[in-house]
Structure formats: structure tokens, C-alpha cells
Amino acid sequence: MKAKHQRLTLAVLAIVAVVGAALLAMSALKDQAAYFYTPTDAVRDGVQPGRAVRLGGMVADRSIVREPDGVTVRFVVTDGAQTVPVRYTGIVPDLFKENSGVVAEGAFVPGGGFVATNILAKHDERYMPPQVVGEMHKSESIAPAKPGGRT
């Protein structure tokens with residue numbers, strides 16, 4: 001084989017290897033990508049069950065129910081317009097409570113419920129995760145903040 005053909009063969013193999021590596025990386029990351037939804041967005045868009053997503057909003061008043069096993073918690077996430085029941089098995093953050101901001105990572109199940117694999121809670125009594133504020137205002141599912149108040 002001539003040197004020119006060897007270089008061409010090596011160049012083609014290198015390009016195929018790079019494209020193959022990129023496709024493998026994209027395939028692996030596809031399952032890890034978590035999209036963010038408010039309850040209104042989730043109901044409107046009909047999120048596919050089993051797809052990894054983030055659900056954000058407020059923990060509804062009097063909705064936290066702790067199961068007898070001591071680690072399973074059921075609660076409702078709301079954005080003021082829609083609600084989604086959530087089940088989480090694990091230790092919730094210390095700041096997790098009713099009427100506070102929450103982002104639940106997990107997947108929807110058939111029937112409209114959500115099974116969380118991770119719970120992220122608020123920082124103080126007036127804090128709401130920036131993603132929740134932006135998405136809730138974008139979906140027009142909560143009223144704008146009052147003047148002088150923090151979001």
C-alpha cells in the first residue's frame with residue numbers, strides 16, 4: 001500500500017472513531033438529561049412516563065404524608081394552577097416543608113403521579129429556586145411578585 005493510501009485510511013479511521021465516540025457520549029447523556037417542568041407545563045405537555053425530568057413548584061399546604069416505613073413521603077407539588085402528587089423514598093432535606101419551594105428529580109408514572117429520586121428544597125422563608133421562579137412566571141401559573149418582596 002502506498003503512503004498516500006495509508007494516510008487516507010488513517011484519516012478515515014480517525015474520523016469514524018471521533019464520530020463513534022460522539023454518538024456514544026450523546027447516547028449516554030440522553031438518559032441523564034433532566035428537563036424542568038411546573039405542574040401546569042407537565043399537564044399541558046403530557047410528559048412521557050419514565051422520562052427523567054425535574055418537577056418544580058411549591059409543596060401544597062397539608063399535603064405531606066409520611067408512610068409507616070419511615071422513609072417514604074407523599075406530597076403534592078403545585079404551581080397555583082395545577083397539582084401533581086409526588087412519592088419519594090429517602091431522607092428529605094431539613095428545609096423540606098409545606099408551603100415551600102421544591103424541585104423533585106425523577107419521572108412521571110402512568111396515571112399522572114411522579115416518583116422522585118431526589119428532592120431539592122428552599123433556603124429560607126422567602127427563597128424559591130431560580131428555575132422554579134422563571135418557569136412558573138413563563139407558564140403564567142403564579143402571580144408576579146409584589147413590589148419590595150424577594151422571589
message = I'm trying to understand the selection: among the residues of the range 1-53, which are under 19 Å from A116 (Cβ atoms), at pLDDT 80 or above and among the hydroxyl-bearing types (S, T, Y)?
response = Y37, T38, T40
task = With the condition kept exactly as written, say whether any residue in the range 18-32 is over 25 Å from the mean Cα position of the chain (by Cα), outside the structural domain of L120 (by TED's automatic domain parsing), open to solvent by 70 Å² or more (accessible area, probe 1.4 Å) and aliphatic (A, V, I, L, M).
result = yes
request  = Looking at (1) open to solvent by less than 80 Å² (accessible area, probe 1.4 Å); (2) free of Cβ contacts under 8 Å to residues at least 12 places away in the same chain; (3) in a loop (DSSP other than H, G, I, E, B), find the lone condition where G111 falls short.
outcome  = (1)
ask   = What pairs can you find where one residue is in the range 89-101 and free of Cβ contacts under 8 Å to residues at least 24 places away in the same chain, the other is among the aliphatic types (A, V, I, L, M), and their Cβ atoms are less than 6 Å apart, with a gap of 6+ or different chains?
value = T89/V71
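Does any residue of the range 85-99 turn out to be at pLDDT below 65 and either in a loop (DSSP other than H, G, I, E, B) or loosely packed, with under 13 Cβ neighbours inside 10 Å (or both)?
Of the range 85-99, the ones at pLDDT below 65 are none.
No, that holds for no residue.
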The one condition in (1) at pLDDT below 85; (2) farther than 23 Å from Q48 by Cα; (3) within 17 Å of the chain's Cα centre (by Cα); (4) among the β-branched types (V, I, T) that I142 fails to fulfil = (3)
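The values are calculated or read from the model by the stated rules, or taken from the named source; none is laboratory data. This is a predicted model, so every value here is computed, not measured. Methodologically, a virtual Cβ is constructed for each residue, glycine included, from the backbone with ideal geometry; neighbour enumeration extends over all protein chains shown. With ligands, DNA and RNA removed, areas are computed over all heavy atoms of the protein, side chains included. Shrake-Rupley method; radii C 1.70, N 1.55, O 1.52, S 1.80 Å.
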